[in-house]
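> Sharing a structure here in structure tokens format.
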Amino acid sequence: MRRRGSLVGPALIILIGVWFLLSSLRPDLPLLEIAARYWPFVLIGWGALRLIEIVSWAARGRALPRAGISGGEWTLVVLICLVGSGMWVFSHRGPWRNLAVITSNRLEIFGHTFDYPLEEQKAPAPKSARIVIENLRGGVRVTGADTQEITVSGRKSIRAFSEADADSANRQSAIEISTAGDQVVVRTNQDRVTGDQRISTNIEMSVPRSASLEVRGRYGDFEISDIDGPVDITSDNAGVRLENLGSSVRLNVQRGDLLRASNIKGGIEILGNGSGAREMELSAIGGEVVLRTPLTEMRLAKLPGRIHMDPGELTGSNLIGPIRYSTTRRRDVRLEDFTQSLELSVVHGDIALRPGSQAMPKIDAQTVSGEIELAVPANAKFLLKATTRRGELNNEFGSVLKTEYDGGSESRMSGSIVGGIEQGAPITLETTRGSITIRKDDGSSLTPALPSQPEAPRPPDAPRSPRHRMLPSEKAVVIFPSLPGIFAR
């Protein structure tokens, strides 16, 4: 019997060809990191193709194979699982990042790094100039000052096989400042260089304080401070630090290590089609805060306090609503001292809420897998409806809150506070797998806000690698160091 052909082999060849094509056209793309995260899709696609083949054979009345996958294919499946799992482990443990640098391009193995200081350039700028910075690879540091000119300096790093190649690339990628009306464009001209050279340009800029700023990059850190105009940043991979800005901020960063913004008089909008920043801290935002990524959405009216978010937890204090937050990631949420209303949806994670005021806001909190704790003042007015399907109900308000069991797995707690009068903010709490706890909060365990830690100034001539975090000396601020009796389980 003639052996039937399969679509799996050609599909794998196409996939490998696309991989090498992207590696040649876009060497800056983190292909190995992408493979470490999404390699299970290869198995899913493989299985889907074989299933389609078998269904097609059955529809045509052909004899079905005794085994859907041959022994050799099972061996390849096991190999893919071992390699994919190994890449994922190394990508989350540190050493893989160094290996990725070595294996991503032969230039990293055989080439040499040559450094070139950037000659300081100055150009006049209108008082309300619109400054555009184009730097594909490298860090950008911009500081507003009481001046009517733009000053650009910094350092350039070129990876090449020879010094002659590096010198040629340096001449081709000279910094260029061009002015047209009220717009000033600063270009590093890295796109003019052809060949195997890899260029990273770290620039330091002083601009008029009243200017607006637009920064475009592909890989590198951004640090911007003391600018009164709007700020717009677009990058594939960047760490971002913003401080003392007088207008709105828009960020479109696909991924990065750190996003920190403080003392922003306007609002901040954070967009991205990628995973976004691994760690984010926002404080003293005078306008609306908006975060939109494929996995997480957040919106609140103002942020006088702080929000800190990392891959496993979101903590926040002193928030002005309406507040809406939803995520499909596994993340615990802990919020205190919030007003107006709160809509909260978490797929996997615990929720701990503490409004901290007798004027209770409207709360709608849901989690599929996790516990919910709510701490409220003893005299607060609210209408409660709490439901858990596979957990316990804990109540410190006594008989005023009624607990019901339907005879199955679902438990409900409902009632109103303040003399049984049907008034107050509606509170809806729901979890599928987890307990719900309603606690009394007398305010004695409120944790004061942490003071800001001054940061050591970085020398202006200090080199900064594009792969280096922008603020290595800074530590994440923990908003809830201890809340005994409130969030302790």
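The values are calculated or read from the model by the stated rules, or taken from the named source; none is laboratory data. Bear in mind that the values here come from a model prediction, so they are computed numbers and not experimental data. Glycine gets a Cβ as well: all are built from the backbone with ideal geometry, and neighbour counts include every protein chain shown.
> Is there any pair linking a residue in the stretch 124-139 that is free of Cβ contacts under 8 Å to residues at least 60 places away in the same chain and over 12 Å from Phe222 (Cα atoms) to one that is assigned to a strand (DSSP E or B) and acidic (Asp, Glu), with Cβ under 7 Å and at least six apart or on different chains, and which?
Pro124/Glu149
> Given (1) modelled with pLDDT of 75 or more; (2) crowded, with 16+ Cβ neighbours inside 10 Å; (3) not in a loop (DSSP other than H, G, I, E, B), identify the lone condition not met by Gly415.
Failed condition: (1).
> Right, another one. Among the residues of the stretch 174-199, count how many are in contact with a Lys or Arg (Cβ under 9 Å, 6 or more places away or on another chain), surrounded by 21 or more Cβ atoms within 10 Å (Cβ to Cβ) and either polar (S, T, N, Q) or within 13 Å of Val152 (Cβ to Cβ) (or both).
Selection size over the stretch 174-199: 4.
> Tell me the residue from Gly286, Gly229 that is of a type outside the set (A, V, I, L, M), within 25 Å of Asp146 (Cβ to Cβ), free of Cβ contacts under 8 Å to residues at least 24 places away in the same chain and in contact with a strand residue (DSSP E or B) (Cβ under 7 Å, 6 or more places away or on another chain), please. Walk me through it before giving the result.
Details: Gly229 fails: free of Cβ contacts under 8 Å to residues at least 24 places away in the same chain.
The conditions single out Gly286.
> Yes or no: the stretch 206-229 includes at least one residue that is within 19 Å of Glu279 (Cβ to Cβ) and out of contact with any Lys or Arg (no Cβ under 9 Å at 6 or more places or on another chain).
Residues of the stretch 206-229 that are within 19 Å of Glu279 (Cβ to Cβ), as a first pass: 219-224.
With out of contact with any Lys or Arg (no Cβ under 9 Å at 6 or more places or on another chain) added as a condition, the list becomes none.
Checked the stretch 206-229: no residue is within 19 Å of Glu279 (Cβ to Cβ) and out of contact with any Lys or Arg (no Cβ under 9 Å at 6 or more places or on another chain).
> Any chance the stretch 177-193 includes a residue that's assigned to a strand (DSSP E or B) and out of contact with any strand residue (DSSP E or B) (no Cβ under 9 Å at 6 or more places or on another chain)?
At the first step, the residues of the stretch 177-193 found to be assigned to a strand (DSSP E or B) are 177-180, 183-187.
Still in the running and out of contact with any strand residue (DSSP E or B) (no Cβ under 9 Å at 6 or more places or on another chain): 180.
Yes; the residues of the stretch 177-193 include at least one that is assigned to a strand (DSSP E or B) and out of contact with any strand residue (DSSP E or B) (no Cβ under 9 Å at 6 or more places or on another chain).
> Which residues, counting only those in the stretch 300-312, are surrounded by fewer than 20 Cβ atoms within 10 Å (Cβ to Cβ) and free of Cβ contacts under 8 Å to residues at least 24 places away in the same chain?
Within the stretch 300-312, Lys302, Pro304, Gly312 qualify.
> Would you say Ser247 is surrounded by fewer than 23 Cβ atoms within 10 Å (Cβ to Cβ), of a type outside the set (D, E, K, R) and not in a strand (DSSP E or B)?
Values: surrounded by fewer than 23 Cβ atoms within 10 Å (Cβ to Cβ): yes; of a type outside the set (D, E, K, R): yes; not in a strand (DSSP E or B): yes.
Taking the combined requirement at face value, the residue satisfies it.
> Out of the residues in the stretch 112-133 that are within 33 Å of the chain's Cα centre (by Cα) and among the aliphatic types (A, V, I, L, M), state the one that is nearest to Ser200 (Cα to Cα).
The residue in question is Leu118.
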